[in-house]
Amino acid sequence: METPMKFICILGLLAVVISFNGVDGASPCGKSTPDEEAMNLAPCATAAQDAKAAVSDGCCKQVKRIGANPSCLCSVLLSDTAKSSGVKPEIAITIPKRCNFANRPVGYKCGGYTLP
């Protein structure tokens, strides 16, 4: 009878340790990864490659949602998915300003870039 109880206690302890490790390695975007969030920025494709391109309402909507968490926004803009789709980070970080967001994180360091 003692052996099954030890086994259950060890399993419980293991589950707690695994859950704490999951928190340490958590995504800056919560439940989704930056690569997954980057897929939602498809409406921003042109605006993220050309500083003179118009920024669509759909793009601004997605950036506003993601940009509520600046570390998530930076992770998304610098993600492998964004890079492979041709996003130019130095242009993409200007999108919140181009969307005229009053509460954008001006001065926030985003990798080697600073949000204007």
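Entry remark, region 78-88: residues being surrounded by fewer than 18 Cβ atoms within 10 Å (Cβ to Cβ) and not charged (D, E, K, R) number 4 in total.
Flag: residue 59 does not match the condition of being under 16 Å from the mean Cα position of the chain (by Cα), closer than 13 Å to residue 114 by Cα, buried (at least 21 other Cβ atoms within 10 Å of the Cβ) and not polar (S, T, N, Q).
For every residue, the table says whether it meets (1) out of contact with any helix residue (DSSP H, G or I) (no Cβ under 9 Å at 6 or more places or on another chain); (2) on the phi > 0 side of the Ramachandran plot; (3) modelled with pLDDT of 95 or more.
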residue	(1), (2), (3)
5	yes, no, no
11	yes, no, no
23	yes, no, no
26	yes, no, no
48	no, no, yes
58	no, no, yes
77	no, no, no
82	no, no, no
85	no, no, no
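When region 62-84 is filtered for residues that are over 14 Å from the mean Cα position of the chain (by Cα) and either of a type in the set (A, V, I, L, M) or closer than 22 Å to residue 30 by Cβ (or both), nothing remains. Can you name every residue in region 81-97 that is of a type in the set (Val, Ile, Thr) and assigned to a helix (DSSP H, G or I)? Residues satisfying the conditions are 81, 91, 95. Which one is farthest from the chain's Cα centre (by Cα), of the residues in region 34-44 that are buried (at least 16 other Cβ atoms within 10 Å of the Cβ) and more than 11 Å from residue 95 (Cβ to Cβ)? Among those residues, the one meeting the criterion is 40. For region 32-54, the tally of residues that are of a type in the set (A, V, I, L, M), in a helix (DSSP H, G or I) and farther than 13 Å from residue 75 by Cβ stands at 2.
Are any residues in region 66-80 part of a helix (DSSP H, G or I) and under 16 Å from residue 115 (Cβ atoms), and if so, which ones? Within region 66-80, 66, 67, 70, 71, 72, 73, 74, 75, 76, 77 qualify.
The values are calculated or read from the model by the stated rules, or taken from the named source; none is laboratory data. A quick note: this is a predicted structure, and the numbers were derived from the prediction, not measured. A quick note on method: Cβ atoms are made from the backbone with ideal geometry, for glycine too, and the neighbour counts reach across all protein chains shown.
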